[in-house]
Amino acid sequence: MISIGILVGSLRKDSYNMKIAKYIVKNYSDKADFEIIDIKDFPLFNEDLEDNVPESVLYARKQVKGKDGIIIVSPEYNHSISGVMKNALDWFSRDDYVMMKKPYLIMGASDGSIGTARMQGHLRQVLNSGAFQMYSVPYNEFIFARIQDNMDEYGNITNEGSIKRLNNKIDEFVQFIETLRSNVK
Ligand SMILES: Cc1cc2nc3c(=O)[nH]c(=O)nc-3n(C[C@H](O)[C@H](O)[C@H](O)COP(=O)(O)O)c2cc1C
């Protein structure tokens with residue numbers, strides 16, 4: 001089975017983006033093996049720390065390296081990538097380039113009406129850089145706008161349209177990974 005790592009760009013206890021990541025793990029285990037990769041203990045990136053890379057980073061790097069694809073689920077902060085996510089990506093961009101040339105899918109939830117579209121544009125730019133060179137699934141944009149109106153207290157998505165779009169997007173991503181793998185073989 002295809003294995004997919006999920007990175008979440010919010011550390012908030014009740015994070016909607018984390019709830020979406022958990023929703024994917026819970027509801028799509030028949031489509032792929034999903035795992036949320038913990039980045040909450042990463043220190044702020046500092047080249048001085050690279051002589052003795054923290055255990056939390058080493059562990060997560062190993063997890064990322066073993067995945068066939070990566071989903072990023074992240075909020076938009078001030079029209080861009082959250083510091084938490086950018087910090088994790090900076091750590092993943094070093095040493096053995098664990099994200100290099102992996103397929104990826106981006107999604108994000110916000111309490112506003114254009115939720116995370118601008119952040120997603122910036123993220124695609126970062127993931128196209130030399131240390132990543134990642135393969136973007138076609139139409140790589142998935143937005144959960146006004147998430148507070150479309151998710152219940154248990155983290156279930158309540159909007160039928162969003163559920164259908166998410167089903168399709170997960171199928172498309174798994175198929176994209178399989179196509180890339182079969183072309184490499
Ligand atoms: C520092 C900060 C900046 C924010 N900037 C934006 C923004 O630019 N666009 C947006 O749609 N929401 C913005 N928000 C609101 C977030 O969409 C909202 O807090 C969301 O719930 C965060 O995701 P989370 O629930 O996963 O933590 C911002 C929130 C914070 C704390």
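Coordinate-derived values only; no laboratory data. Source: prediction; values computed, not measured. For neighbour counting, all protein chains shown are included, and Cβ atoms are generated from backbone atoms with ideal geometry for every residue, glycine included.
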Note on the chain, DSSP bridge orientation, antiparallel percent to nearest 5 equals 15
Counting all Cα-Cα pairs in the chain, those more than 19 Å apart amount in percent to 56
For 150-158, 132-140, 114-122, ranked highest to lowest by mean beta-carbon neighbours within 10 Å, the order is 114-122, 132-140, 150-158
Residue-normalised 222 nm signal for the chain, counting each DSSP H run of n ≥ 4 as -39,500 (n - 2.57), nearest 500 deg cm²/dmol, is -12000 deg cm²/dmol
Along the stretch 113-123, Karplus-curve 3J(HN,Hα) (6.51, -1.76, 1.60; θ = phi - 60°) to the nearest Hz, with x for Gly and Pro, reads 8, 9, x, 6, 4, 6, 4, 5, x, 5, 5
In the chain, taking the dipole from +1 charges on Lys and Arg beta carbons and -1 charges on Asp and Glu beta carbons about the Cα centre, the listed residue (Ile163, Ser74, Asn46) farthest towards the positive end is Ile163
Toy charge model, Lys and Arg Cβ at +1, Asp and Glu Cβ at -1: the chain dipole around Cα centroid in debye, rounded to 20, equals 460
Answer in debye to the nearest 20: the dipole magnitude of the stretch 45-96 about its Cα centre, from +1 Lys/Arg and -1 Asp/Glu charges placed on Cβ, is 300
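Go through 86-97, 49-60, 171-182 and give me the packing order, highest mean Cβ count within 10 Å leading. If you can, show how the numbers build up before the last one.
Values: 86-97: 18.1, 49-60: 13.2, 171-182: 15.9.
Listed from highest to lowest mean packing, they are 86-97, 171-182, 49-60.
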Packing-ranked peptide list from 12-24, 65-77, 29-41, highest mean Cβ count within 10 angstrom first, is 65-77, 12-24, 29-41
Listed by chain and number, the lysines with an alpha carbon less than 27 angstrom from that of Lys102, same-chain partners under 8 positions apart left out, are Lys19, Lys22, Lys26, Lys31, Lys40, Lys62, Lys65, Lys67, Lys86, Lys164, Lys169, Lys185
